[in-house]
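Every number here is computed from the coordinates shown, using simple stated rules; none is lab data. Treat the numbers as computed from the prediction; the structure is a model and nothing was measured.
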Amino acid sequence: MDSPQIIKIVVMVLVGAVCGGLASRIMSGANSGFLVNTILGIAGAVVGGMIFNWLGIEPGAGIVRTIYDTFGVKVPQNIVGMILSGTLGAILIIFAMRLVTGRRK
């Protein structure tokens, strides 16, 4: 494996952990642990990416533009979009699991 591939995998795992952690906190106020959050976030990125592609929406574009216009700070749109779509997808996965299992928390 070459260095760019390893960096992409590390970024995917870290962004997945952030997305899963955000979704866990939003949906239940608790943290599910690094491994569960990472798996949830990566699965959420797949679900969220499919939804945004289906809708024809580029996640994060408006937020990045607002941050730049307001503060003059350039933020990579792909990272913001990955976090948005991954978190939304993970929230939808948690919601669907609760519907199936009948669990509230």
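So what is the 222 nm mean residue ellipticity for the chain from helices alone, if each DSSP H run of at least 4 adds -39500 (n - 2.57) and you divide by all residues, rounding to the nearest 500 deg cm²/dmol?
-27500 deg cm²/dmol
Counting only complete DSSP H runs, which helices of the chain cover 18 Å or more along their long axis at the Cα atoms and score a mean Kyte-Doolittle of -1.0 or above?
On the way: long enough: 3-28 (37 Å, 1.52); 34-55 (30 Å, 1.75); 77-101 (36 Å, 1.66).
The answer, listed by residue number, is 3-28, 34-55, 77-101.
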